[in-house]
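K.L.:
A single structure is presented below for examination.
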Amino acid sequence: MKEQVMEYASGNEMAAIAIKQIGYDLMGYYPITPSTQIAENLDIMRANGEMDLVMVAAEGEHSAAGICYGASVAGGRVVNATSANGLLYAIEQLPVQSGTRYPMVMNVVCRTVSGPLSIKGDHSDIMYILNAGWPILFASTVQQVYDFNILALKLAEQVRLPVVVAYDGFFTSHQKGRCFRFAEDEAVKDYIGSKKEDYPFLDFEHPITVGSYMNEPDLINNRYQLHLAMEEADRLLPELFASYKELSGRAYGKVEGTCCEDAKNLLVLLGSSYDTSIDAVEEMRKQGEKVGAATMHVLRPFPGKELFELIQHGKHILVADRQDSYGAGGGNLSLEVRAALQRFGSRGTVKSLVYGLGGKDFFKEDAKEMLAWAEDSSKPDFAYYGVTPGEEGEIEREPLFAPVTREQTNIGATKVESGKVTGGSLNTVTAMPGRIAPGHGACPGCGIPVNLNLLLRGIEDPVVFLFQTGCAMIVTTAYPRTSFKVPYLHNLFQNGAATLSGVAEICYRKQQKGEIPPGDIIFIMVSGDGGLDIGMGSAIGTALRGHRLLLFEYDNGGYMNTGYQLSYSTPLGARSSTSHVGKEQYGKTFLQKDMPQIMAATGIPYVATVAESNPADFIKKAAKAAYYAKTTGTAYVKAISACPLNWNDKPATERKVIEAAVNCCYFPLYEVEQGATKLSYDPEKTGKKIPVSDWLSMMGRTKHLQKDVYREVVERLQLEIDTRFYNLKKKAEEASDEIV
């Protein structure tokens, strides 16, 4: 046994202590009750110089999960913590991490899933991820939170799976208890051991592709390997529990029970309620009643055999769920316990109760009543326990406050006529309530390979690619092949920028520690096909944090990889599979998003637009973007990218179509460098400016706009283009005057 010291602490505090002692590299996180205290405690430790954990405050739980995924792919030891709807927001990322077999640990401080909104503890969140491919350890006590955090990482790295440590929100997370921790951090580090990477992502001599596009039969083989990994976790857990007992003196198993050997009535439940049930069992035993209680410390892989062996002699078993699988006649715990008992031959009766939702307290009197319920033939096999029935009939109540009416808000302080605002003074309103191989599967004439190659021509440093889902990813990484000669990672639309920021931070950390060679590396996220619609929040969050990387958007004007649905970059009036042309509709009904100006508003050091029709300009801007990405912060480059299939034009004429988009100023070429705007090309000065209708006439998706019935649509688009270009020129002139 290693030396230990006593702590009087909460579960969240003990989780933070374990994380600190382990010496993680990175935590991507977003605050959500009741898990927030973990990050708060870690930040205090970091501020005090007790650790050097990289903490990345994401703009949401989804991005936090992506940051963690990217960091784990890059070889870092990574941890996260979340609860309830935060877990659900991130849930899309969980199968990505397990399916690509990258270990990490996530503390899930269990809380009610909204709506209606509740921040109290139950198990409705954790049950959502039973099928995510993550082993799940469930801690009943504060001590177990600490111990299981240590065990979780060791398990994760041995089976190459991410692992959850779950425990009850507020009951275990906030209530303090007497527990022990290792006196020296080295005891924890030595137990876990050094991290081993079979296929290092940041090995530029042997680049790999992670998360490639995969169909049958490879996908089912991938899932089978995940199944085998979970079976390996099931086999390893007893060994890990045994080794940890030698280290700490504390013995754990997959299941735990009290007085189960001869119990007639048995209560099975999870989490902090188990300790309460122990008190009830002890009192009932003193009165001569043969009762017992059991819990599980492992939810995945489910310990069906071990649970059966523990409770097989029970004649009447009641499973208490702090969650319901609505319409299934019980919560997930009771359904799996029933299945296990049936599988292994139990002859006892099984009943199920849903209890304690929304943090409703559970007392030993409740445990006693449940144990009595188990053998009471008058009680149903499934019910909600502790429900307060409402009163029958309609109840009329006067509102606490009188409702605000239209008349009350119509105070005449502000008037808007023809877009002009009058009134609105403060007084009146107070009353108001090359690194890519030649082989790929892109369509003939696709602009993606052209744009990527032009981008890379201006970058002489090594690059790491992250591709969001889209045509560029699908046509270059069809399993088991890859078009890339450099490290490549894929993540979903919503989370590319955050994920790449995790990769970058771990790379810089490894360089600082001397684990990989020093030198500049350009981290590039490639997005298109609407990826910076759904991924805009992630991109903006990354830009605001100022990670040193390059965001490259190929703007092909639609969700092309899913059959050309409209995106926010689709031109006004364009035909798509979600903006058809008919008597009641003329195509897309709103203007294109100005993503470069949105990114410029974040204050990043460099923003640029480029086009294959101006290749020299493209390459120079790529080089400049790379310079800022490696020295200063986030850079953003946007290219207009041809899609002959969905633009409905000819591949051989795409360069002319792109040139027309530039010359009509639909896609102006400029840069915003350190806040100063500079026009790269002015078609008005060269005499090449054309009306937008000329460009629209070159594509089948917008050719219908040539009809007189759609004249107002074209005029609206022309006005917007002219306005945006005028504002750009004005900004450029002001910047030029300031320089002079």
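K.L.:
From the list A437, A431, which one is more than 31 Å from the chain's Cα centre (by Cα), modelled with pLDDT of 55 or more, surrounded by fewer than 13 Cβ atoms within 10 Å (Cβ to Cβ) and among the small types (G, A, S)?
P.N.:
None of the other options fit; the residue is A431.
K.L.:
So L532 ticks every box in (1) assigned to a helix (DSSP H, G or I); (2) modelled with pLDDT of 95 or more; (3) crowded, with 19+ Cβ neighbours inside 10 Å but one. Which box is left unticked?
P.N.:
Status for L532: all satisfied but (2).
K.L.:
Report, by residue number, each residue of the range 30-68 that is of a type in the set (D, E, K, R) and assigned to a loop (DSSP other than H, G, I, E, B).
P.N.:
Selection gives E50, D52, E59.
K.L.:
Go through the range 16-32 and count every residue that is surrounded by 24 or more Cβ atoms within 10 Å (Cβ to Cβ) and under 18 Å from A498 (Cα atoms).
P.N.:
Of the residues in the range 16-32, 5 are surrounded by 24 or more Cβ atoms within 10 Å (Cβ to Cβ) and under 18 Å from A498 (Cα atoms).
K.L.:
Continuing with the same structure: Taking the options N41, N80, N85, name whichever one is surrounded by fewer than 24 Cβ atoms within 10 Å (Cβ to Cβ) and either among the aliphatic types (A, V, I, L, M) or within 14 Å of the chain's Cα centre (by Cα) (or both).
P.N.:
One residue alone meets the criteria, N85.
K.L.:
What number of residues within the range 670-724 satisfy the criterion of being charged (D, E, K, R) and on the phi > 0 side of the Ramachandran plot?
P.N.:
0
K.L.:
Let me ask something else about it. Name, by its number, the condition in (1) closer than 26 Å to Y167 by Cα; (2) in contact with a strand residue (DSSP E or B) (Cβ under 9 Å, 6 or more places away or on another chain); (3) not assigned by TED's automatic domain parsing to the domain that holds L357 that does not hold for N215.
P.N.:
Just one mismatch for N215, condition (1).
K.L.:
Filter the range 206-217 for residues that are surrounded by fewer than 13 Cβ atoms within 10 Å (Cβ to Cβ) and over 20 Å from G470 (Cα atoms) and give the result.
P.N.:
H206, P217
Residue-wise test of (1) of a type outside the set (A, V, I, L, M); (2) farther than 22 Å from T570 by Cα; (3) surrounded by 20 or more Cβ atoms within 10 Å (Cβ to Cβ); (4) touching a strand residue (DSSP E or B) at 6+ places or on another chain (Cβ under 6 Å).
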residue	(1), (2), (3), (4)
K485	yes, yes, no, no
N491	yes, yes, yes, no
N495	yes, no, yes, no
V503	no, yes, yes, no
Q511	yes, yes, no, no
G514	yes, yes, no, no
P517	yes, yes, no, no
D520	yes, yes, no, no
S527	yes, no, yes, yes
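K.L.:
Here's something else I'd like to know. Does N221 qualify as being exposed (fewer than 15 other Cβ atoms within 10 Å of the Cβ), assigned to a loop (DSSP other than H, G, I, E, B) and within 28 Å of the chain's Cα centre (by Cα)?
P.N.:
no
K.L.:
Also, quick follow-up: Working only within the range 307-333, note down all residues that are buried (at least 21 other Cβ atoms within 10 Å of the Cβ) and in a helix (DSSP H, G or I).
P.N.:
L307, L310, I311, L333
Here's the yes/no breakdown for (1) more than 18 Å from I38 (Cα to Cα); (2) in a helix (DSSP H, G or I); (3) in the same structural domain as L88 (by TED's automatic domain parsing):
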{"site": "T112", "(1), (2), (3)": "yes, no, yes"}
{"site": "H123", "(1), (2), (3)": "yes, no, yes"}
{"site": "Q143", "(1), (2), (3)": "no, yes, yes"}
{"site": "A156", "(1), (2), (3)": "yes, yes, yes"}
{"site": "V164", "(1), (2), (3)": "no, no, yes"}
{"site": "Y167", "(1), (2), (3)": "no, no, yes"}
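K.L.:
Can you say whether D190 is among the charged types (D, E, K, R), buried (at least 18 other Cβ atoms within 10 Å of the Cβ) and either assigned to a helix (DSSP H, G or I) or more than 27 Å from the chain's Cα centre (by Cα) (or both), as far as the supplied structure shows?
P.N.:
So D190 fails the test.
K.L.:
Related question: If you check L549, L572, which single one turns out to be farther than 23 Å from L466 by Cα and either surrounded by fewer than 19 Cβ atoms within 10 Å (Cβ to Cβ) or aliphatic (A, V, I, L, M) (or both)?
P.N.:
L572
Conditions tested, residue by residue: (1) among the basic types (K, R); (2) assigned by TED's automatic domain parsing to the domain that holds E157; (3) modelled with pLDDT under 95.
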site: M55; (1), (2), (3): no, yes, yes
site: R77; (1), (2), (3): yes, yes, no
site: L87; (1), (2), (3): no, yes, no
site: V108; (1), (2), (3): no, yes, no
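K.L.:
Search the range 552-563 for residues being of a type in the set (S, T, Y) and modelled with pLDDT under 90, and hand back the single one that is surrounded by the fewest Cβ atoms within 10 Å (Cβ to Cβ).
P.N.:
Here the residue is T562.
The values are calculated or read from the model by the stated rules, or taken from the named source; none is laboratory data. Everything quoted here is computed from the prediction, not taken from an experiment. Cβ sites come from the backbone with ideal geometry, for glycine too, and all protein chains shown count toward neighbours.
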